[in-house]
Amino acid sequence: MTASTTDRATPRGGTRPRLGAHTPGPLGGLARGARRVAEALATPLVPADYLDLIDPMRAGADLRGRIVEIRPETDDAATVVIRPGRGWAGHVPGQYIRIGIDIDGVRHWRAYSLTHRADGSAAAGIPAGCVAITTKAIPDGKVSTHLVRRARPGTLVMLDQATGGFTLPVPAPAKVLFLTAGSGITPVIGMLRNHLPELTDVAHVHCAPSEHEVIFHRELTEHHDAGRVALSLNLDDVHGVLELGRLDTLVPDWRERETWLCGPTALLDAAEKHWADTGVPDRLHVERFRPTVVEPGEGGSVTFARSEQVVEADGATPILDAGEAAGVLMPSGCRMGICYGCVVPMRGGAVRDLRTGEVTVHESDEPLPVQTCINAVAGACEFDL
Amino acid sequence: MTLAPQRADHASTKPQGINPRLRVTSDEPRPQRAALTGTGRPNPAAHLSPDDIEGIGHELDALRQEVMDSRGDRDAAYIRKVIRTQRYLEMGSRALLLFSNVKVKGFRPAWWLGTAGLSVSKILENMEIGHNVMHGQWDWMRDPKIHSTAWEWDNASPASQWKHSHNEIHHTFTNVLGRDNDLGYGILRVDEDQPWSLFYLFQPIWHVGNALVFEYSIAAYDLELGGYLAKRERMSEEEKATFRANRNEVLQKIKRQATKDYVVHPALSAVSGSSRTTLTANVVANLVRNLWTNTVIICGHFPPGISTFEKTSIDGETRGEWYLRQMLGSGNISGTKAMHVITGNLSHQIEHHLFPDMPSNRYAEIAPRIRDLMQRNDLPYVTGSLWKQAASVYLKVVQLSLPNKVEGERRRDVVRRELGKAWRSKKLGRRY
């Protein structure tokens with residue numbers, strides 16, 4: 001088995017809402033005919049635009065879900081229980097979904113690990129047929145803060161099908177170590193809730209700033225007390241930030257265990273090095289939580305992915321001009337920011353509005369349409385052009 | 001969306017270096033000339049110094065920023081509500097029309113209600129929703145279903161072509177003679193400074209005809225059909241190929257639109273023997289929509305008191321001067337809140353032209369501040385009721401069908417002379 005790293009910024013597979021996506025309908029001549037008539041009736045819209053008004057969660061619709069409950073886990077963390085639309089295809093424990101939620105009118109997409117039972121049965125207070133994610137409000141974390149503090153039951157959210165390779169193999173390995181920190185517990189609690197009966201020897205090291213900030217504290221302790229999981233808590237205020245050398249004491253046989261690790265980037269980087277130095281890098285399976293953070297600056301490189309062009313541009317040159325100078329076939333219009341004829345999807349990076357100085361950072365993995373005539377590079381950008 | 005090499009207009013709009021319109025203050029020393037030179041008539045901004053205009057630019061930039069920063073849930077809820085209302089209204093009206101032939105005491109209630117509902121639905125869809133979404137007013141929500149790059153509207157003109165001729169040409173070159181084809185759409189003389197020709201003698205007829213088939217006129221106009229017919233001898237193969245591609249796009253769109261309104265919906269109504277009445281309902285609804293949109297749109301730039309500008313007056317135009325041109329080149333329609341919604345908030349034409357990508361529900365909120373700014377700067381804020389403004393345009397269309405008055409020659413003599421020339425050459429003369 002090879003070490004797998006799941007980069008959450010580039011989900012593979014899964015469905016996502018596409019511009020003008022048609023509803024895939026049932027096959028068969030009659031159904032196809034009916035669909036053609038429906039499309040002729042709905043043009044220039046598509047039948048789904050009308051059906052979505054009546055039942056946004058129906059089978060065949062873009063996947064959506066309705067928030068059923070938001071249950072606090074700690075002061076800063078909450079579990080969001082969502083009833084998914086009928087197109088929900090299920091998941092493998094450890095996988096994550098992307099959720100698109102409107103905050104102050106703007107849609108934001110984020111990825112969260114699933115913590116409910118994959119067979120759809122009720123568990124840990126999550127009603128049957130619902131999906132659940134748990135998130136911790138972090139400073140500057142627009143979406144997590146919104147979910148924990150402001151979101152209300154009844155809210156309709158956009159969903160993607162589950163994806164990700166941070167899962168247990170079949171059959172499950174004999175000896176397992178879960179190493180988690182903070183909200184990195186979420187994919188692992190998803191595995192524990194689903195796979196615990198199949199797991200015979202589980203060690204779990206979880207790190208948290210303090211005892212009352214341990215998410216799922218009671219559930220984890222119960223497993224420990226019942227002898228199902230050997231839990232070690234590393235509390236920053238008691239033990240200091242986890243020193244990986246401490247593993248030798250906490251889980252002496254950690255080198256023999258298939259290890260699933262999820263937590264902040266610093267821990268992941270340190271652990272990857274530690275496992276490699278020990279000569280067992282294949283035993284480590286990593287889930288990375290945060291997408292790359294872009295620090296806005298002045299100017300930078302612009303990548304036009306489909307034209308396979310990379311150009312350097314300063315902080316005062318509109319991306320449109322930079323692209324045209326490099327011979328990229330850029331859509332364009334008024335060149336003063338009013339006609340929206342130059343809008344191109346940005347897949348990463350940051351741009352600065354030359355009129356106002358306002359910086360827009362690409363923060364999720366959803367393409368962000370950008371007006372190229374009035375924006376300059378503020379951090380290496382990639383465009384879908 | 002336009003790909004750069006496809007449009008001839010493009011080369012001339014491309015600035016060297018940074019577009020001066022991006023900034024209120026240009027790094028280059030600005031020419032000390034009057035900001036705007038009206039053509040022949042007094043310049044309503046003659047009393048403003050370059051510094052005054054720069055000040056206006058800063059004030060408007062700040063106002064724009066203030067509103068854009070405060071966009072949020074309530075705005076998103078507004079547009080979704082309008083879209084939801086329009087779609088339910090359309091579905092309800094279409095459902096009624098399935099029984100449009102059913103008579104109650106010699107009267108067809110379903111026809112009347114369905115036709116009225118469908119007309120209002122089409123007007124909302126074209127104006128408050130389609131026009132504004134295609135302007136990018138709602139792009140900030142990052143909802144791929146309500147986005148300028150994805151929207152297609154219930155109109156003969158394909159969104160892509162509309163966005164080019166409207167968002168790009170009209171909104172950038174508003175009221176610049178020879179640059180903004182919206183000034184009379186190439187078939188009307190709505191400004192004294194547009195040269196007269198015999199063609200315009202019949203413009204009251206053109207005007208009414210244009211209003212009745214407005215959606216097709218817009219499609220032909222966005223396609224630049226007139227320009228193609230006039231210039232095709234001189235066009236390169238590439239330009240002709242582009243035209244043909246665009247033409248096919250329009251024909252496909254018209255086919256889909258006509259199939260929906262005039263074939264499929266009437267066919268469904270056959271269940272109650274209402275095919276013919278459903279057909280008439282769709283014809284009437286499209287006609288009502290055409291007349292209404294035309295009536296609203298002519299009030300935006302053609303009523304008296306609104307300025308037009310010379311081609312040369314916009315060379316090196318700064319952002320402040322551009323703002324000034326938008327304010328002087330547009331006129332509003334006064335009325336109730338319902339009136340503003342049913343005009344797609346084009347009743348706030350001045351505010352819309354200053355900030356074409358601002359959510360339309362905000363125009364009414366900033367209107368008093370724009371009016372105040374213009375009054376403080378002694379600029380005319382043109383506004384009036386729909387009927388007053390529309391009537392003034394109809395009157396203008398009649399008056400300007402004749403040549404301007406000149407010393408020493410009666411207008412009827414000019415017309416008679418031109419008629420004689422036309423009779424001999426079998427041509428109606430140039431349009432501008």
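None of the figures in this text is laboratory data; all of them are computed from the coordinates on show. Bear in mind that the values here come from a model prediction, so they are computed numbers and not experimental data. Note that we place each Cβ from the backbone using ideal geometry, even for glycine, and neighbour counts take in every protein chain shown.
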Can you give the charge dipole size of the protein assembly as shown about its Cα centre, rounded to the nearest 20 debye, using +1 on the beta carbon of Lys and Arg and -1 on the beta carbon of Asp and Glu? 5000 debye
What number, in percent, do you get for the relative contact order of the stretch A:255-385 if the mean sequence gap of Cα pairs under 8 Å and at least 6 apart is divided by its residue count? 27 percent
Burial-style ranking of B:407-414, B:123-130, A:70-77, B:373-380, average other-beta-carbon count within 10 Å with highest first, yields B:123-130, A:70-77, B:373-380, B:407-414
Going by a ≥ b ≥ c, the root eigenvalues of the Cα gyration tensor, does chain A fall in the rounded group (a/c under 1.5), the prolate group (a/b larger than b/c) or the oblate group? oblate
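If each DSSP helix of 4+ residues adds -39,500 (n - 2.57) and the sum is divided by the residues in chain A, what number results at 222 nm, nearest 500 deg cm²/dmol?
Values: 9 runs with 75 residues, N = 385.
Roughly -5500 deg cm²/dmol at 222 nm, from the helical runs in chain A.
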Phi-based couplings in Hz for the stretch B:400-407 (Karplus 6.51, -1.76, 1.60; Gly and Pro marked x): 7, 5, 9, x, 5, 6, 10, 5
Taking the 0 to 90 degree range and rounding to the nearest ten, how far is the long axis of helix A:185-195 tilted relative to the main principal axis of chain A, both from C-alpha atoms? 70 degrees
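If neighbour count is taken as other Cβ atoms inside 10 Å, put B:295, B:280 in order from fewest to most.
Neighbour counts put them in this order, fewest first: B:280, B:295.
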Tail beyond 45 Å, pair distance distribution of the protein assembly as shown (Cα, percent): 37 percent
Taking each pair of distinct Cα atoms in the stretch B:50-108 once, what is the resulting Kirkwood hydrodynamic radius in Å? 15.9 Å
What is chain B's relative contact order, in percent, from Cα pairs under 8 angstrom and six or more apart in sequence? 25 percent
Would you mind ranking B:52, A:160 by Cβ crowding within 10 Å, fewest neighbours first? B:52, A:160
Kindly identify the stretch B:63-207 as rounded, prolate or oblate by the Cα gyration tensor criterion: order the square roots of the eigenvalues as a ≥ b ≥ c, call it rounded if a/c is under 1.5, otherwise compare a/b with b/c, prolate if a/b is larger, else oblate. oblate
Cβ-Cβ cut-off under 12 Å around residue A:326, Lys and Arg +1, Asp and Glu -1: the net charge is -4
So which of B:122/B:163; B:311/B:396; B:253/B:337; B:81/B:105; B:103/B:337; B:122/B:253 end up more than 25 Å apart, counting from Cα to Cα? B:253/B:337; B:81/B:105; B:103/B:337
Taking the Cα atoms of chain B, report the difference between the largest and smallest coordinate on each principal axis, in whole Å and largest first. 72, 64, 46
With +1 assigned to the C-beta of every Lys and Arg and -1 to the C-beta of every Asp and Glu, and no other charges, what is the dipole magnitude of the stretch B:271-362 about the Cα centre in debye, to the nearest 20? 460 debye
Under 8 Å for C-alpha pairs, at least 6 residues apart: give me the relative contact order for the stretch A:175-288, rounded to a whole percent. 31 percent
Assuming a ≥ b ≥ c are the square roots of the Cα gyration tensor eigenvalues, decide whether the stretch A:300-383 counts as rounded (a/c under 1.5), prolate (otherwise, with a/b larger than b/c) or oblate. rounded
Quick one: work out the % antiparallel among DSSP beta bridges in the protein assembly as shown, nearest 5. 60 percent
Could you tell me which trypsin sites (Lys or Arg not before Pro) in the stretch A:246-341 are loop residues by DSSP with no more than 14 other beta carbons within 10 angstrom of their beta carbon? A:306
Which value at 222 nm does chain B reach when only helices count, each DSSP H run of 4 or more adding -39,500 (n - 2.57), with the total divided by all residues and rounded to the nearest 500 deg cm²/dmol? -15500 deg cm²/dmol
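Kindly rank A:146-152, B:159-165 from highest to lowest mean number of other beta carbons found within 10 Å of each residue.
B:159-165, A:146-152
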Show me the ranking of peptides B:172-184, A:221-233 by mean Cβ neighbours inside 10 Å, starting with the highest. B:172-184, A:221-233
Which translational diffusion coefficient, to the nearest whole µm²/s, is obtained for the stretch A:175-288 from the Stokes-Einstein equation, given a Kirkwood hydrodynamic radius over C-alpha pairs, 4 °C and 1.567 mPa s? 92 µm²/s
Which Cα, out of B:58, A:46, A:159, lies furthest along the positive dipole direction of the protein assembly as shown (beta carbon charges, K/R +1, D/E -1)? A:46
